[in-house]
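The values are calculated or read from the model by the stated rules, or taken from the named source; none is laboratory data. Since the model is a prediction, treat every value here as computed from it, not as a measurement. FYI the Cβ positions are ideal-geometry reconstructions off the backbone, even for glycines, and counts take in every protein chain you see. Note: areas computed on protein heavy atoms with side chains; ligands, DNA, RNA excluded. Shrake-Rupley method; radii C 1.70, N 1.55, O 1.52, S 1.80 Å.
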4 protein chains.
Amino acid sequence: MTGSSFGKAFNITTFGESHGKAIGVTIQGCPPGLTLTEEIIQKELDKRKPGQGILSTKRKEPDKAIILSGIFENQTTGTPIMIMIENKDADSNDYMKNSTLFRPGHGDITYFAKYGLRDFRGGGRASARETAARVAAGAVALCILKKYNIKIETYTIELGGIKVKDISLNSKKTNYLQCPDLHALKLMEKRIEQVKQEGDSLGGVVEIHVLNAPAGLGEPVFDKLDADIAKALMSIGAVKAVEIGAGCEAAQLKGSKNNDQITNKGFVTNNAGGILAGISNGDDIIARVSIKPIPSIKKPLQTIDEQGKEVEISTKGRHDISAIPRINPVCKAMMAITITDHLLRQKLNQ
Amino acid sequence: MTGSSFGKAFNITTFGESHGKAIGVTIQGCPPGLTLTEEIIQKELDKRKPGQGILSTKRKEPDKAIILSGIFENQTTGTPIMIMIENKDADSNDYMKNSTLFRPGHGDITYFAKYGLRDFRGGGRASARETAARVAAGAVALCILKKYNIKIETYTIELGGIKVKDISLNSKKTNYLQCPDLHALKLMEKRIEQVKQEGDSLGGVVEIHVLNAPAGLGEPVFDKLDADIAKALMSIGAVKAVEIGAGCEAAQLKGSKNNDQITNKGFVTNNAGGILAGISNGDDIIARVSIKPIPSIKKPLQTIDEQGKEVEISTKGRHDISAIPRINPVCKAMMAITITDHLLRQKLNQ
Amino acid sequence: MTGSSFGKAFNITTFGESHGKAIGVTIQGCPPGLTLTEEIIQKELDKRKPGQGILSTKRKEPDKAIILSGIFENQTTGTPIMIMIENKDADSNDYMKNSTLFRPGHGDITYFAKYGLRDFRGGGRASARETAARVAAGAVALCILKKYNIKIETYTIELGGIKVKDISLNSKKTNYLQCPDLHALKLMEKRIEQVKQEGDSLGGVVEIHVLNAPAGLGEPVFDKLDADIAKALMSIGAVKAVEIGAGCEAAQLKGSKNNDQITNKGFVTNNAGGILAGISNGDDIIARVSIKPIPSIKKPLQTIDEQGKEVEISTKGRHDISAIPRINPVCKAMMAITITDHLLRQKLNQ
Amino acid sequence: MTGSSFGKAFNITTFGESHGKAIGVTIQGCPPGLTLTEEIIQKELDKRKPGQGILSTKRKEPDKAIILSGIFENQTTGTPIMIMIENKDADSNDYMKNSTLFRPGHGDITYFAKYGLRDFRGGGRASARETAARVAAGAVALCILKKYNIKIETYTIELGGIKVKDISLNSKKTNYLQCPDLHALKLMEKRIEQVKQEGDSLGGVVEIHVLNAPAGLGEPVFDKLDADIAKALMSIGAVKAVEIGAGCEAAQLKGSKNNDQITNKGFVTNNAGGILAGISNGDDIIARVSIKPIPSIKKPLQTIDEQGKEVEISTKGRHDISAIPRINPVCKAMMAITITDHLLRQKLNQ
């Protein structure tokens, strides 16, 4: 069915595999009269680009955004915006020899179970490469949010078990790990080097922070803002947990502590993460995602092939050591798309 | 828009406020020829019923399921099944005196921001009462799952900061808290008594466990099984975090540890929580939700009214001390609905 | 799937069979702050009520609208509005004896083919009774349209082969057939009497006329306004053709004649029926539906039973002779729902 | 919103303007394991290609189908299939001089009203060029239908007021007008020549005939098979009326005549057009569309510009004289998509 579409008022439909001709996204519901160019999209895409820093794959994708429709004289026309990104540097040879193996931690075994066949080149549709289409769509959403002065920041608050103790957005901007605590950054970098030697990989935690979102976004019952954020973020490949505001910690607080008291200057605390009963309350919206370590590692692991035969696998393809920081712009994009969707939906109540 | 609908192949649409005439649900996509009676639904509804145990509100709702359509001679016909639950014991008087106050931790302030007006009686649409409709729909989903031998268990693994150390489903069945560890149970009960005296409330953690789900459920990219589970569970009022498998802990594991290795007898571990690349792998599906403490407490808190005037509020309505254990059957229902939706969707690939 | 739902911004979901406990509709997307009472809905429902005039069934349904949710102090709250209509006068005995026969022109044979079983009492879900839920939802849509000064008129322009030559809305209001031409009316009444004697039934044509719809409603490509109108009207049981503007006649005109020329006072003609490229042009919107004769007739016809045995059938249940005029408010309701849906959707472009 | 998407189980999303870089379609829900190549799609696309026969525009589009995703080793993988068609021969100069005029019979005035701006080059999104994406998607649907032995024929039964008297599919295949009556064909050709001289254009009627569709397709109430067919066909630019089976004529028949009697060999007649109560009955499915004349004509007409100034317009762009026969494969495609959608949906009841 429509599992590659997301959003109701601001709706995106993506397509593409790691080693097909191209990936891309069709955006429906972008209002007319918005300035939009390939350069604006490219700027966001570049943040996700591989080949940056010590964690990253050697695959060099130019990841060039090409707008095929929906724009006239640099303005959105209100009709579908199609953004295509060609697959230029797809090298399938690495994958051929493992083509019948099910890589642990990967979708190989589940795609095979689901469809009875699979495009094994680079993970096919399950490749993290599909997230480039999300970032392209997110760039359009961010243009809309900008008009409302809504901003989204993402930063790494944990990597390989090392947690930040301080959040400074200025510090975040100085490093490719997008770590807002320079002391923690040093420990993280050390940890990465160590794990790289071991042929292993790391997970971490990313926080997403939305500023200036108006009160009133989100809908009762199922399309709650936090429910849609949870889906948006959990749909990103490596994410294993989504928290809103106090998140897991809320389970341990008493009501008198967890409740955000209200004065005529606003909320005293923000355990709610800016969302009450599924609707934004005007405070900052805060979400966190826990990211599992990259499953493709050099360290040999036990697995089976399509015939059920047991074999050992060691992945030597071009892979990152951690989904952080390349996953950060993806989280930002998914949050932008979700907020935009509800921002537009709220027009229907006005 | 359609924020009160959930699911694509198995689709539910709920309606109703705490103090309206009735609440209910219309179910589309239930296959024909399934045995379904009001008794079957009632059995699940009774598990959510208030007035059970020491944590619970005194409101006595018979919560009687009435099937209005879609059934002929005790069998589903394939057409929409409408289940109505009348509101019998709605006493609005408690709410009248606080009708212009925004209760901290509640949707009062956000519904008012969203719609410009609100049904303040008992939380209106934001009342936990709406979850009865979810449980009714879940009962239908459970009938479908039963045909496939799929079972769902929920149990309380944390309450007021006390965590279970052991999970015994037999133990769980002995107590209304649905706690699978009798030692932890005693500590939890003590904690509840103490907090009750303080006029405060508690949160906790519920785990949802799906047995015998086939491999192949879930769709690439956005409608991943874990993404839909995350939305389904986060849409329940009190939930502030959703974890799948290793969840938050996955962020701290190395790839070699987090990856579930595969032998010809199956997966060696289950950090994935039964889901790889968004598609079920045939192992048990495991999710956890962190639940915030009930916001309505006797302890006085600071708030404002609709005019922005600062006032103190102490909620003396009929409220539970913790959303646990009444939230457990709601979690079960939402999981059942999500699994059923994807079970039916998978027919389209066959 | 979701075949009992219609509309994207203004979304309705209906349920109910002819002989179940009740039928009804859940409306999502109705803006908050609209005055709505059971009386307002009842007024529209009464126009569809059986037992009026010489064409009609003897079944006496009070068809009483009961609002179960979404209204507070006579105002819409923005949350789902559920309207229920109980089935009071359902007499299944008439149907029992034909329970295994497939009535010609009815859905008996197709429901059986689709689901493998069927609720044979009164047509079950396929009964024209389901249209009462449409009319109830339409009444809500009409309230919204009224705020924008948009009006909808329906009238009978053909019955049993007799066509009107003149359209006078004043004349229409004088007769239960809703015929706007009093001369044609007399011929129609004569025709009805004659066919009643024969134990046969009649079809006809209804025109739907929307006044004051703004330009800009409808969307490119698939959700064109005329495409959605076509679906809305064709989904009414007895409808076999839908025309927009010049309709079938447009096929015979040359471009120079069919094109509506434009002056600074507006369009010179209205062959387009108020819709160009699927979007309203500000002129009156005009649609027509061709309605087949009621299939349930006394005259004996050839059919088979569930086992394929050939039998003769003569339907002696309580049936109308023509779907006109009771279908007129149903056409009005479906047009109102479609226009409202697009009126709200257009807010997203503003 | 999602006005460029169609279908629930078999879902297509199109994009593209007449003079943008490309048009195309993303198909979700195509089952895995189906053989699909660019050649298969090209074959259908070529039937819609301009530059064939005497009615047609001189624009020479290669209209080459490029599959960007969803195929691996010539088989569908179950993931989205994206088909792109580049715009090679788009010459915007013809349109520049009329860029602020509203062409009568076109969407210029309505797109401007809707969005406040418009891509005036060649009709932008409203151009008939978007139908190439429908045909590409239809080619995929036809592959699915072929597996079930379901066939679709379209033929021209009226052109410029000349009606066929006989339907011979063999005759149809001999001529580019797809006219199944060689006597009528001659009169049609004569009529075309005459109107061409006048600088005018013609409309007509196309019939769509589905063979071997199983009983049971379509859903109660709104997603009736005929309702979805009506929407599918009415969404094609030039269509002004959709009829099913006896269509408009059904309004004039008596019930005893219109009812299709049933014997153990099947239905005696097919006034229903193969659909009863919105569900296919196993007989041939028959629909007809009335097509308005091409609005772009040389003959001068009265219109206004964006400022409301009255001017005369004569369209000298490269245009067909009639939408027939190029619209025929578009009708076939839309029917194929609709039947496929319901064929897959019916799996959910099994």
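The table that follows gives values for the structure above.
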item: Residue-level accessible surface for residue B:179, protein heavy atoms, 1.4 Å, Å²; result: 0 Å²
item: Nearest-10 value in Å² for the accessible area of residue D:198, using the 1.4 Å probe; result: 60 Å²
item: Chain A Cβ-axis minimum, rotational copy C, residue and distance in Å; result: A:347, 2
item: With all protein chains modelled, accessible area of residue C:155 [1.4 Å, Å²]; result: 10 Å²
item: Net charge dipole size for the protein assembly as shown [Lys, Arg +1 and Asp, Glu -1 on Cβ; Debye, nearest 20]; result: 0 debye
item: Order of exposure, largest accessible area first, which applies to D:269, A:131 with probe 1.4 Å; result: D:269, A:131
item: Cα centroid separation, region D:325-350 to region C:100-133 (Å); result: 24 Å
item: Unsatisfied cross-links (Cα-Cα over 22 Å) in the set A:257/A:292; C:49/C:224; C:190/C:292; A:173/A:298; A:254/B:186; result: A:257/A:292; C:49/C:224; A:173/A:298
item: Heavy-atom SASA rank of D:103, C:326 (probe 1.4 Å, accessible area, largest first); result: C:326, D:103
item: Global form of region C:111-190, assessed from the alpha-carbon gyration tensor, a/c cut-off 1.5; result: oblate
item: Residue order for D:173, D:146 - accessible surface, 1.4 angstrom probe, largest first; result: D:146, D:173
item: Cα-centre dipole for region A:5-349 with unit charges at Cβ (Lys and Arg positive, Asp and Glu negative), debye to 20; result: 340 debye
item: R0 of 35 Å, Cβ-Cβ distance residue B:269-residue B:182: FRET efficiency to nearest 0.05; result: 0.80
item: Accessible area per residue, Å², chain B with all protein chains present, probe 1.4 Å; result: 32 Å²
item: Calculated FRET value between residue C:347 and residue A:311, using beta carbons and R₀ = 51 Å, to 0.05; result: 0.30
item: Cβ-based net charge around residue A:105, under 9 Å, with every Lys or Arg adding one and every Asp or Glu removing one; result: +1
item: Shielding by partners - mean other protein chain Cβ count within 10 Å, residues of B:191-201; result: 2
item: Equivalent ellipsoid semi-axes, the protein assembly as shown, via Cα gyration tensor eigenvalues times 5, rooted, Å; result: 50, 38, 30
item: Positive minus negative residues near residue D:70 (Lys, Arg vs Asp, Glu; Cβ under 15 Å); result: 0
item: For residue C:336, net neighbour charge (Lys/Arg +1, Asp/Glu -1) across residues whose Cβ lies under 14 Å away; result: +4
item: Exercise: per-residue mean of other protein chain Cβ atoms within 10 Å, C:279-292; result: 4
item: Equivalent-ellipsoid semi-axes of chain D, from the Cα gyration tensor, Å, largest first; result: 33, 26, 19
item: Kirkwood Rh (inverse of mean 1/r, distinct Cα pairs), region B:271-350, angstrom; result: 16.7 Å
